[in-house]
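S.K.: The structure is given below, and queries will be raised subsequently.
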Amino acid sequence: MTEGNVLRKDQLEISLVKEKKLIKEGNLKDDNPLDLSEPFAELCSACRKGDLKVCQEKITEGVNINARDPYDYTPLILASLCGHYEVVRLLLESGALCERDTFQGERCLYNALNDRIRNLLLEYDYSKSTDPLQPLAAHVASLLTREQPVTSDIVVTAADESLHLHKFILAARSPYFRNKLATAPESTSGNLPPTIPPQAFSVAIKYLYLGEAPRDLKSGPGTGFTESEVFQGIDRVARHLEIDTLLDSIIDSGDRRLARQRRTAEIAKGRDQLETWFRANVLGNKRVVETSKASSEKWDRENPIFADILLQADELPEDAEPGREPTSTLFPCHRAMLLRSEFFNTMFTSMFREAYVTDHLHIVNVDCSPEVLEIVLTFLYTERADFPLDVAVDVLFASDMLFIEKLKTKAAVVISTLGSGNLSQSEAAKTRGTHEEAEEEELDIYGIIRAAWMTRVQRLEEFAARYLAYRLEAHIDSPEFAELIAESASRIQARQETDSIELLDDIRFYLNERFRLRFDDAGLGEMMRSAAQQPQAAHPAAGADADADADGTEKEIEKVANGVDMIDLSRVAAPPAAAASQHDRDHAPVIRTLDGEIAGDEFDKDAANYQILMAKLDAILEELNLEA
Amino acid sequence: MAMRARQKIRAPRKGLASSKGDDFEANWQALSGSLKRIHTKDASDLSFEQLYRNAYNIIVTMRGHDLYERVKQLEREWLATEVRSSVDAAISPSLLFAQDALDIQDQANERRAAGERFLAVLRETWEDHQLSMGMITDVLMYMDRVVVADHRKPSIYVASMALFRDIVLRSPVRPDTKTTVADVLESTVLFLVQLERSGQIIERPLIRHCIYMLEGLYETITEEESSKLYLTSFEPAFLEASKTFYQKEGQRLVESADAATFCKVAMERITEEKERCASTLSTLSEPKIKEVLDNELIKRNIAEVVNLEGTGVRNMLDQDRLDILRSVYVLSSRVDNKKTPLTAVVQKCIVDMGQEINTLATAPAPAPETTDKKAVKEKEKPMNQQTMSAIKWVDDILALKKKFDAIWVDSFMSDQVMQSAITTSFSDFINSNPRSSEHLSLFFDENLKKGIKGKTDSEVDSLLDNGITLLRYIKDKDLFEAYYKKHLSRRLLMKRSASMDAERQMISKMKMEVGNQFTQRLESMFKDMTISEDLTSSYKDHIRKSASHDGKPVDLEINVLTSTMWPMEIMSNTRDEVQLSCVFPREVESVKQSFEQFYLSKHSGRKLSWQASMGTADIRATFQRSNGKTARHELNVSTYAMVILLLFNDVAPGESLTFAEIQSRTRIPDHDLIRNLQSLAVAPKTRVLKKDPMSREVKPTDRFFFNNDFQSPFTKVRIGVVSGSANKVENNDQRKETEKKMNEERGASIEAAVVRIMKQRKTLVHSKLMSEVLGQLSSRFVPDVNMIKRRIESLIDREYLERVGEDPPTYGYIA
């Protein structure tokens, strides 16, 4: 590990003092405000425990993931300190900051439990832009220069400069345009007073389109305008278009963090404006009609919400009430925003019917439920992707079909976090008992894994494997499971790239992780070794394969035993686990393995269970007549 | 905790239903119909969404692979039937059979028309295919994403392009021939290119589009850059055809024997081919066709062209045809970094011109260098004329240099190789003139004395710079130093320099050019001059203070020179015989003694030797005219002349002194005395003395009178010494003398270098020692190898060195 790129402690403290001062003076917004609310405390607690599900729920609820608790811990620091890779990843993907050369950022790196987490944190350094709204802003800004397909519906002229713009963005972002367009929605051109310098005008438009503030105002010699003239012009434009924060956004402070914070705030504000407009106009104008009559729905091209396409989503057969005509929902939309999906982009670029402009808006059928289409549209317009678990799979498929990678990832995240159930370490401790009450299955894991295969989401495959591994006892004997393994094997045959079964490998990996975690908790390498050897005598049937596996385990154990400090940390990190096992012991004085034999102690039992499960996996393979 | 998460998550509703064959067929029916409509350009009312959904549904029911194969099959059929037939129809027999017969003009015309028709059809076919495949790819976007990635297949677009290649381009035109459409395309394009080369106008965009097609198709499905059809099939044929063409063209041009035409055509061809690559064919070929041009047209012929009698480079140089020279240079530099033929001619030309200048400069001298050693009785031309020719030599060389500098910059694009070639040639011919050092020094002398008067600083600067450039060429810099020193000393002592600033500038320029060591002595000469000025003034102070006004005061201005730094032996002509010093008149003698006293009191242990031959004196002379008037003139004369004239103070009017008398009374060396008497009595304007008999020669018996009738319009009269004081070309004796001295000095330098090297190395092989000595001395002169050997022998004799080994010969240093 190179320490060269991590700040020394004294340097960190200096920067901390400076930062505090800036915050106190009000120059800098605190990236990590103190948060004593109950939900935040719950988030922190979940981060300690590694409870993905709760984390996702809290994030969806809108808890500030960059806040800090009374001990100055941020959720990210907690998760990285406690070594929960998945939680760290979730936090980072949701916009948790880990910026180099800041106190909290360095602290996070410094505290990372292992290199895997540390490298993950480094990957997400701000330079890679983790502002979750950035893609939206980039898309809107790109509309200004995009040539294909044509989406602009108004030409605004100031002095001698004409820009091809979009009415709905103007209406959403500028009260001036909103009023103007409300009175004359059909106008295709607009003029601004000629007194406004073209530079100022284009700066203002760029601002409306969520673009980066220009570095150079194109003033000075040769442009015919002095800098102050341009500034005055900008001021005038800002007042004219009623966008009061324009000037602030342009005056460059020079401070990277300050600029970033300001930009983040600007984009967030822009997004909120777009969202408000979107909810009021697009969602507000959606129409539910009978499917048979949907195609006769006529929307005039001149409509008050400037829609230029209608999206139709049919009601799902299972939702339909018997005896009633099936219905469809029509959403008036804007191509400019739909372009974010590659599907729509191709549709509007290619030379098919949809690309031609007609008097009445085209109705494009989208093969998903209205509910899902609304989620998709919400994401395209506002970058918001909060939806419950029960539609997550549908969203997954829809976004796969429409080529919206980010939404697809988001759906996968929702499934793999909210659906994770009791996958956290603390919960995992409970699965130790054989008499664990059969918990109600929250999701159809077989369906999930097939969906993962079809939509090619690696993350979801991993999740499913992990899910299965953590409750393998419940699944291993079912014929469905064997079928799944066979399916996985056949997938690989088709691909012909390796001769292993991916799903099985993944399950083994997580199974190993599941049991090893608890061996680590005890931190007693010696005991583990004997524990690992015992079941071999007890179950000679396990055969050579088990032997090999046991060897593998031993090696792992040795590795862990060498890293004494790591064990200490994890011991601290897992008090709930200890408590839980205490609880178990009280209830079950006799410790039994999965096949009912009485084990010497818990470690014996774990080891034995592990061997039993591994042996069963092998048995399945044999049955299916597969090599692995 | 959100309650809905408790709900059982719904299983995905797609794909799990076992694939229904009907669905697949139904979807495919709809899809294939639409795909055909796309091909027939009837797609405007097709719905993208519907087609996409058809394809999507097929793929989610795990039949993506089948879909892929079906689409391929559909494309194959379409290409094999519709497309092929339209392309085949466009191939007229004239394209098929008239492969090489483009000699007959009318047939060419016919073929051309047919070719263009064919290309147009092919272009249209290709563009249609591209367009419809673009649309089909759009529709099958999901298939490309999923199936292709899963099964490692080329995207449907790539696959269909490969089909186009195989079915349309790569199959025989007629069942009975082997000629394929691609072959016809190739020969047609080559034919058209050939037409364009012979000056006809062809439809470039049409060809360009067909080439686009070849560029857009690949041999392999992985589509590497190198497997473009253009590169694999068309380009080699094109290059081969070009090669033959340019071989012929080169031959034709050389036979026409006009270098200028050749260059013009070649340059035109180069731009033409470049343009062709940009506008008609592919830019990929540009470097390759360039290579063909370079090899076939230029490399083969350039040497011949450069040496063409009458129109070659020689002629261009003579006629100052810079533009064509530039073309020659550009062409040469394309094929050969060293530009051997060009440099050879240029060098030869420079040397020839230089030799001409050399002969011109030595022409006034009656005999060439080889014979003049024997020609003892050389009749010397008037000195002035020789000096003039020396200066002319330098001027001529500078002019030549200027000419070639201009050529170098304009035509040779300041090329390094050319520069060094030019430099070598200059250096060669300059050094082939044995008097180059002297001539150059004279050139400086002349300019520093007169030439720079009335010139601005920058003009002077460039003048000196020019001279310095020539100095750079001169190998024997030590010889130049000797001459320069001699000439400089005259300028300094006689105060003939036009500007001391220019002198110093010159020194600093030389210092930069040749080095510190070179100018050390010259600088110390300047130092002596300054010290002397101080000395003179402090002596004057001294005299004033001592205030001993005995007799008439004599104003003394003195230059004390360090004997080692100044060319004493050259100045005083007393090299062989021991000569008693001149007897000064009383007045002067007392001043001399007083100064000697003064000087030695300041610097004890020094010896002053008086160089009367170098001094001048201002004397006031009173002429009693026969009409009773008296005329006064201030005469500026040499010290010797002053001594002579003062003798006449004691001579009664009308009396005379003979040469012998003067000589015995003054002890002025014969040679100087004669010259001074000549200037006083023979020179027409400054006849202060009368001579009897009045002749040019001075004989010991000649008698001299004071000329009271001396007439001059000026009060101040400057009486120069007839010869010797001015710098001019040496006569042969002097030359030999100088050479001898030079050799001695060089011997010393060589010995010093040898000892320096050996002291450092202790032992060294002969050859290495030689090379090191040569290296050390090269900045000053080019030592003769034999001389070094002799010097080494001599050092061994004197036990500085010893022989250590014989094979190879090695020397050791004896401490």
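S.K.: Restricting attention to the stretch A:455-468, does a residue exist that is modelled with pLDDT of 80 or more, within 12 Å of another protein chain (Cβ to nearest Cβ) and farther than 20 Å from A:Arg89 by Cα?
M.R.: Within the stretch A:455-468, one or more residues are modelled with pLDDT of 80 or more, within 12 Å of another protein chain (Cβ to nearest Cβ) and farther than 20 Å from A:Arg89 by Cα.
S.K.: Anything in the stretch A:312-343 that is over 22 Å from A:Gly284 (Cα atoms) and among the aromatic types (Phe, Trp, Tyr)? List them, or say none.
M.R.: A:Phe343
S.K.: Counting only residues that are of a type in the set (Gly, Ala, Ser) and more than 26 Å from B:Lys288 (Cβ to Cβ), which one in the stretch B:243-267 is surrounded by the fewest Cβ atoms within 10 Å (Cβ to Cβ)?
M.R.: B:Ser256
S.K.: Ok, one more. Since B:Ala237 meets every condition but one in (1) at pLDDT below 85; (2) in contact with an Asp or Glu (Cβ under 8 Å, 6 or more places away or on another chain); (3) outside the structural domain of B:Asn301 (by TED's automatic domain parsing), which condition does it not meet?
M.R.: Going through the list (1) at pLDDT below 85; (2) in contact with an Asp or Glu (Cβ under 8 Å, 6 or more places away or on another chain); (3) outside the structural domain of B:Asn301 (by TED's automatic domain parsing), B:Ala237 breaks only (1).
S.K.: Just one of (1) surrounded by fewer than 21 Cβ atoms within 10 Å (Cβ to Cβ); (2) over 13 Å from B:Tyr142 (Cα atoms) trips up B:Ala43, so point out which.
M.R.: Condition (1) is where B:Ala43 drops out.
S.K.: On to the next question. Could you list all residues from the stretch A:334-371 that are within 11 Å of chain B (Cβ to nearest Cβ) and more than 20 Å from B:Thr137 (Cβ to Cβ)?
M.R.: Selection gives A:Thr358, A:His362, A:Ile363, A:Asn365, A:Val366, A:Asp367, A:Cys368, A:Ser369.
S.K.: Give the stretch B:764-797 a look and list any residue that's out of contact with any helix residue (DSSP H, G or I) (no Cβ under 9 Å at 6 or more places or on another chain) and either surrounded by 14 or more Cβ atoms within 10 Å (Cβ to Cβ) or among the charged types (D, E, K, R) (or both), or say none.
M.R.: Passing the criteria: B:Val765, B:Glu793, B:Ile796, B:Asp797.
S.K.: Checking the condition within 26 Å of A:Gln56 (Cβ to Cβ), among the acidic types (Asp, Glu) and touching a helix residue (DSSP H, G or I) at 6+ places or on another chain (Cβ under 9 Å), which residue from A:Asp367, A:Asp308, A:Asp390, A:Asp314 passes? Don't jump to the end; show me each part of the working.
M.R.: On the way: A:Asp367 fails: within 26 Å of A:Gln56 (Cβ to Cβ); A:Asp308 fails: within 26 Å of A:Gln56 (Cβ to Cβ); A:Asp314 fails: within 26 Å of A:Gln56 (Cβ to Cβ).
One residue alone meets the criteria, A:Asp390.
S.K.: Enumerate the pairs (first residue in the stretch B:610-627 and in a loop (DSSP other than H, G, I, E, B); second residue anywhere and among the polar types (S, T, N, Q)) with beta-carbon separation below 6 Å, excluding pairs fewer than 6 apart on the same chain, so at least 6 apart or on different chains.
M.R.: Pairs found: B:Gln611/B:Ser572; B:Gly615/B:Thr639.
S.K.: I'm trying to understand the selection: among the residues of the stretch A:403-415, which are in contact with a Ser or Thr (Cβ under 7 Å, 6 or more places away or on another chain) and more than 10 Å from every other protein chain (Cβ to nearest Cβ)?
M.R.: Across the stretch A:403-415, the qualifying residues are A:Ile404, A:Leu407, A:Lys408, A:Ala411.
S.K.: With respect to B:Pro368, is the statement that it is touching a helix residue (DSSP H, G or I) at 6+ places or on another chain (Cβ under 6 Å) and modelled with pLDDT under 80 true? Before you say what the answer is, go through the steps one by one.
M.R.: Numbers: touching a helix residue (DSSP H, G or I) at 6+ places or on another chain (Cβ under 6 Å): no; modelled with pLDDT under 80: yes.
No: the conditions fail for B:Pro368.
S.K.: Okay, moving on. Report whether or not A:Phe397 is over 15 Å from the mean Cα position of the chain (by Cα), under 30 Å from B:Lys41 (Cβ atoms) and either facing chain B (nearest Cβ under 9 Å) or touching a residue at least 24 places away in the same chain (Cβ under 8 Å) (or both).
M.R.: No; evaluated as a whole, the condition is false for this residue.
S.K.: Turning to a different aspect of this structure: Among the candidates B:Leu689, B:Leu608, which residue alone is surrounded by 11 or more Cβ atoms within 10 Å (Cβ to Cβ), assigned by TED's automatic domain parsing to the domain that holds B:Ser712 and in contact with a helix residue (DSSP H, G or I) (Cβ under 9 Å, 6 or more places away or on another chain)? Before the answer, list the steps.
M.R.: On the way: B:Leu608 fails: assigned by TED's automatic domain parsing to the domain that holds B:Ser712.
Exactly one residue qualifies, and that residue is B:Leu689.
S.K.: Is the stretch B:129-137 home to any residue that is in contact with a helix residue (DSSP H, G or I) (Cβ under 9 Å, 6 or more places away or on another chain), more than 14 Å from chain A (Cβ to nearest Cβ), touching a residue at least 24 places away in the same chain (Cβ under 8 Å) and surrounded by 20 or more Cβ atoms within 10 Å (Cβ to Cβ)?
M.R.: Looking through the stretch B:129-137, at least one residue is in contact with a helix residue (DSSP H, G or I) (Cβ under 9 Å, 6 or more places away or on another chain), more than 14 Å from chain A (Cβ to nearest Cβ), touching a residue at least 24 places away in the same chain (Cβ under 8 Å) and surrounded by 20 or more Cβ atoms within 10 Å (Cβ to Cβ).
S.K.: When the stretch B:763-789 is examined, which residues are found to be assigned to a helix (DSSP H, G or I), of a type outside the set (A, V, I, L, M, F, W, C) and out of contact with any Phe, Trp or Tyr (no Cβ under 9 Å at 6 or more places or on another chain)?
M.R.: B:Ser767, B:Lys768, B:Ser771, B:Glu772, B:Gly775, B:Gln776, B:Asn786, B:Lys789
S.K.: Quick one: which strands (runs of 3 or more DSSP E) sit completely within the stretch A:116-207 and have at least 2 residues that are under 22 Å from A:Leu246 (Cβ atoms) and touching a His at 6+ places or on another chain (Cβ under 9 Å)?
M.R.: Details: elements: A:154-158, A:161-165, A:189-192.
Here the list reads A:154-158.
S.K.: Would you pick out the residues in the stretch B:617-628 that are more than 17 Å from B:Phe714 (Cβ to Cβ) and touching a strand residue (DSSP E or B) at 6+ places or on another chain (Cβ under 9 Å)? Step through it out loud before you land on a result.
M.R.: Of the stretch B:617-628, the ones more than 17 Å from B:Phe714 (Cβ to Cβ) are B:617, B:624, B:626-628.
Across the stretch B:617-628, the qualifying residues are B:Ala617, B:Gln624.
The values are calculated or read from the model by the stated rules, or taken from the named source; none is laboratory data. If you're wondering where the values come from, they're calculated on a predicted model, not measured in any experiment. Note that each Cβ is placed from the backbone with ideal geometry, even for glycine, and that neighbours are counted across all protein chains shown.
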